[in-house]
């Protein structure tokens with residue numbers, strides 16, 4: 001898949017065909033910030049793995065003003081345009097892990113082996129909270145607007161992702177996962193399992 005100017009024109013820059021709006025991403029960043037405040041996680045470093053056009057950057061910085069934001073992106077076009085860190089979520093190895101890692105709608109673009117490698121690397125990258133989402137078979141059937149959603153992806157069952165994430169994380173719900181080693185406490189009924 002070529003994540004070039006034409007791809008981003010179609011799915012991000014043209015308001016008639018964009019898959020996400022600024023308002024939606026502001027709300028998502030507010031949700032992430034509220035959850036971080038709820039669990040009491042001090043966030044010094046956050047990673048947006050597959051940050052795309054950076055729609056989460058400013059709202060996340062407002063929600064978490066003491067945190068440094070790192071945007072990781074595989075698209076050479078976007079790295080040139082926005083100055084993101086050029087890298088691959090499967091292999092990215094920073095000097096130290098991040099308190100918060102966001103990986104939103106990225107892994108459906110990777111085949112099964114590469115997606116599994118990326119999920120294993122997310123466990124190395126994250127020491128606190130992971131916010132994760134990927135387009136699944138059920139989402140394709142029931143939830144997404146197919147006229148605005150890229151169909152050139154690998155559709156998998158949600159359980160495929162959950163089984164791999166559970167190796168290092170506890171599922172909370174609403175896309176949130178707590179790193180098993182993190183000293184964060186949630187009440188029983190606040191967790192998904």
For this session: State the antiparallel share, in %, of DSSP beta bridges confined to the chain, rounding to the nearest 5.
Result: 30 percent
Exercise. Any idea what the relative contact order of the range 99-149 is, in percent, if you count C-alpha pairs under 8 Å spaced at least 6 apart?
Worked result: 51 percent
Exercise. Which entry in (1) 1, 7, 13, 14, 13, 13, 13, 12, 8, 5, 1, 0; (2) 1, 7, 16, 21, 22, 18, 10, 3, 1, 0; (3) 1, 8, 16, 18, 17, 14, 11, 7, 5, 2, 1, 0, 0 matches P(r) over Cα pairs in 5 Å bins from 0, in percent derived from the coordinates of this structure?
Worked result: (2)
For this session: Please give the helix 22-39 orientation as an angle from the longest Cα principal axis of the chain, in degrees from 0 to 90, rounded to the nearest 10.
Result: 10 degrees
Problem set entry | Relative contact order (percent, whole number), the chain, Cα cutoff 8 Å, 6+ residue spacing | 19 percent
For this session: Please report how far the C-alpha centroid of the range 29-85 lies from that of the range 2-21, rounded to the nearest whole angstrom.
Result: 20 Å
Problem set entry | Principal-axis tilt of helix 112-125 within the chain, Cα atoms, nearest 10 degrees | 40 degrees
Problem set entry | Whole-Å semi-axes of the range 149-188's equivalent ellipsoid (Cα gyration tensor) | 26, 11, 8
Problem set entry | Gap separating the Cα centres of the range 130-193 and the range 88-124, nearest whole Å | 13 Å
Problem set entry | Prolate/oblate/rounded label for the range 69-117 (Cα gyration tensor, a/c 1.5) | oblate
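The numbers here are math on the coordinates, done by the rules we state, and not lab data. Being a predicted model, the structure only gives us computed values, none of them experimental.
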